[in-house]
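Notes follow the structure.
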Amino acid sequence: MVKERARILVVGGGYVGMYTALRLQRKLKAELNRGEAEITVVTPDPYMTYQPFLPEAAAGSISPRHVVVPLRRVLHRCHVVVGEVTSIDHAVRTAAVSTLATADRGGSAELLGYDELVLAPGSVSRTLPVPGLAEYGIGFKTVEEAIGLRNHVIEQMDIASSTRDPALRDAALTFVFVGGGYAGVEALGELEDMARYTARYYHNLRPEDMKWILVEATDRILPEVGPEMGRYTVTQLRRRNIQVLLGTRLESCTDRVAVLSDGQRFPTRTLVWTAGVKPHPLIAATGLPRTDRGRLRCTAQLTVDGAEHAWAAGDAAAVPDVTAAEPGTETAPNAQHALRQARVLGDNIAHALRGEPLETYAHRYAGSVASLGLHKGVAQVYGRKLRGYPAWFMHRAYHLSRVPTVNRKARVLAEWTLAGLFKREIVSLGSLEHPRAEFELAAGGKPPHSPSDDPKG
């Protein structure tokens, strides 16, 4: 049993952070009741985002609030701190935490002590020094970006419908997605499906007027579902008049013109960047052992190699894959491994506090599923290949089973059921991003925000 108070600090509130804290709540229930342990979760947002549902949220199939899980509701035995860990001194076991309060008063970060450290800050978008990307690019990692992109796409259709300028109309109806992984393909598939449906409500727009382009630097897309399903996906996207440009890179996007490595130029007001992720910058500030790719070097027991009382899992951790035939293989940084690693991680921390042997993380990759729009998808699960409606149905069933809490499962299922009975919503609520604009104008302040002021609008 735990002999003295153990302070457990969980950095990050994503898959690994939330599920590890949830597991610790259950495994250390007696210790928490006796005051022998405390769990603190530091996270930039007070919710966990279930990212596989972001494309459907962008398409309007799921409400934004049902894609996120409030941490304070599920982690009722933990102390949730909304803020960011800026640095860690593991030698003295302290973390510098910047919160909304410290930022408001302009003070320095507060020091938070711990006995056991769980590093699960996740990843951030991996960008390249492409001219114009920072000014005009749109990411797709958060629920705010997903809903903002939905509003943006509908606003571009409004612009195209209300202008007589052919150049402006063409740029507004050109949508460029960079990156052929899950995020890029699913976001493109869902949004194109949504925009095709929305076009029927515009008297002067047709689906054929819109230009959807997927740019991928390698020679294949969706590598997780295998070469055959990747080729099938390319065929299906091209049948929907979506241009799939393989072996092509984005060279520049200045002045709202996407310039590609093959020489093609596309005037566009929409450039979505989904070209991979990289470990969170905090990992570099910890001083803990890292791999060449910047991920924390971990053991199969999910401890940080060479650092006692430090644990990690998920996107920021390089965990050995003990089920792989080839030595030195690491588990893929995806949700499937993150969820399972979190359970083992929580168990192992409880084992360590009680002086018990640690478990080894071993999970053979089951496969992948991807949605390409309503009733369309691809899947490769346990060696079996599915396409079309069966793959789409498996995609929904799998992720419904994995989304946290019964509350969210029921709400998502209810929304899917209602979506099958009623028509899609085609409303853009872009003004939500600038709610004070009208009042500022009425009060004599600056003019309300207009799309021309926003490089993404």
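The values are calculated or read from the model by the stated rules, or taken from the named source; none is laboratory data. This structure is a prediction, so every number in the text was calculated from the model and none was measured. FYI the Cβ positions are ideal-geometry reconstructions off the backbone, even for glycines, and counts take in every protein chain you see. Accessible surface areas use protein heavy atoms only, side chains included; no ligands, DNA or RNA. Shrake-Rupley method; radii C 1.70, N 1.55, O 1.52, S 1.80 Å.
Just a few scattered comments:
- Verdict on residue 209 being over 28 Å from residue 337 (Cβ atoms) and at pLDDT below 95: no
- Scan of segment 216-253 for residues that are open to solvent by 60 Å² or more (accessible area, probe 1.4 Å), under 30 Å from residue 162 (Cα atoms) and assigned to a helix (DSSP H, G or I), ordered by number: 238, 239
- The lone criterion from (1) of a type in the set (Gly, Ala, Ser); (2) open to solvent by 40 Å² or more (accessible area, probe 1.4 Å); (3) at pLDDT 95 or above left unmet by residue 17 is number (2).
- Of the helices (runs of 4 or more DSSP H) lying entirely inside segment 1-116, those containing at least 1 residues that are over 30 Å from residue 146 (Cα atoms) span 15-27, 29-33.
- Members of segment 252-281 that are more than 27 Å from the chain's Cα centre (by Cα) and free of Cβ contacts under 8 Å to residues at least 24 places away in the same chain: 261, 262, 263, 264, 265
- Checking each residue in segment 191-215 for being in a loop (DSSP other than H, G, I, E, B) and among the aliphatic types (A, V, I, L, M) picks out 205, 210.
- Checked against the criterion of being over 26 Å from residue 183 (Cβ atoms), of a type in the set (Asp, Glu) and at pLDDT below 95, the candidates 433, 438, 425, 359 yield just one match: 438.
- When restricted to residues that are open to solvent by less than 10 Å² (accessible area, probe 1.4 Å), farther than 24 Å from residue 50 by Cβ and assigned to a helix (DSSP H, G or I), segment 149-190 contains 4.
- On the stretch given as segment 131-144, residues that are part of a helix (DSSP H, G or I) and in contact (Cβ under 8 Å) with a residue 24 or more places away in the chain total 4.
- Considering residues of segment 28-67 that are open to solvent by less than 10 Å² (accessible area, probe 1.4 Å) and of a type in the set (Val, Ile, Thr) only, the residue nearest to residue 403 (Cα to Cα): 67
- Of 145, 116, all but one fail to be touching a strand residue (DSSP E or B) at 6+ places or on another chain (Cβ under 9 Å) and modelled with pLDDT under 95; the exception is 145.
- Of the residues 300, 338, the single one that is open to solvent by less than 20 Å² (accessible area, probe 1.4 Å), part of a loop (DSSP other than H, G, I, E, B) and farther than 30 Å from residue 171 by Cα is 300.
- Residues of segment 341-372 satisfying the condition of being surrounded by fewer than 15 Cβ atoms within 10 Å (Cβ to Cβ) and either of a type in the set (S, T, N, Q) or in contact (Cβ under 8 Å) with a residue 12 or more places away in the chain (or both): 354, 360, 362, 364, 366
- Candidates are the residues of segment 95-130 that are touching a residue at least 40 places away in the same chain (Cβ under 8 Å) and of a type in the set (D, E, K, R); the one that is surrounded by the most Cβ atoms within 10 Å (Cβ to Cβ) is 116.
- When residue 271 is tested against (1) outside any strand (DSSP E or B); (2) buried (at least 20 other Cβ atoms within 10 Å of the Cβ); (3) among the aliphatic types (A, V, I, L, M), exactly one condition is not met: (1).
- Residues that are modelled with pLDDT of 90 or more and either in a strand (DSSP E or B) or open to solvent by less than 40 Å² (accessible area, probe 1.4 Å) (or both) within segment 317-329 comprise 317, 318, 319, 320, 321, listed in sequence order.
- The set of residues in segment 77-103 that are in contact with an Asp or Glu (Cβ under 9 Å, 6 or more places away or on another chain), within 14 Å of residue 118 (Cα to Cα) and of a type in the set (A, V, I, L, M) contains only 95.
- Scanning segment 373-403 for residues that are touching a strand residue (DSSP E or B) at 6+ places or on another chain (Cβ under 7 Å), open to solvent by less than 20 Å² (accessible area, probe 1.4 Å) and among the hydrophobic types (A, V, I, L, M, F, W, C) gives 378, 379, 391, 392.
- Only residues that are part of a strand (DSSP E or B) and either without any contact (Cβ under 8 Å) to a residue 24 or more places away in the chain or small (Gly, Ala, Ser) (or both) were counted in segment 303-316, giving 2.
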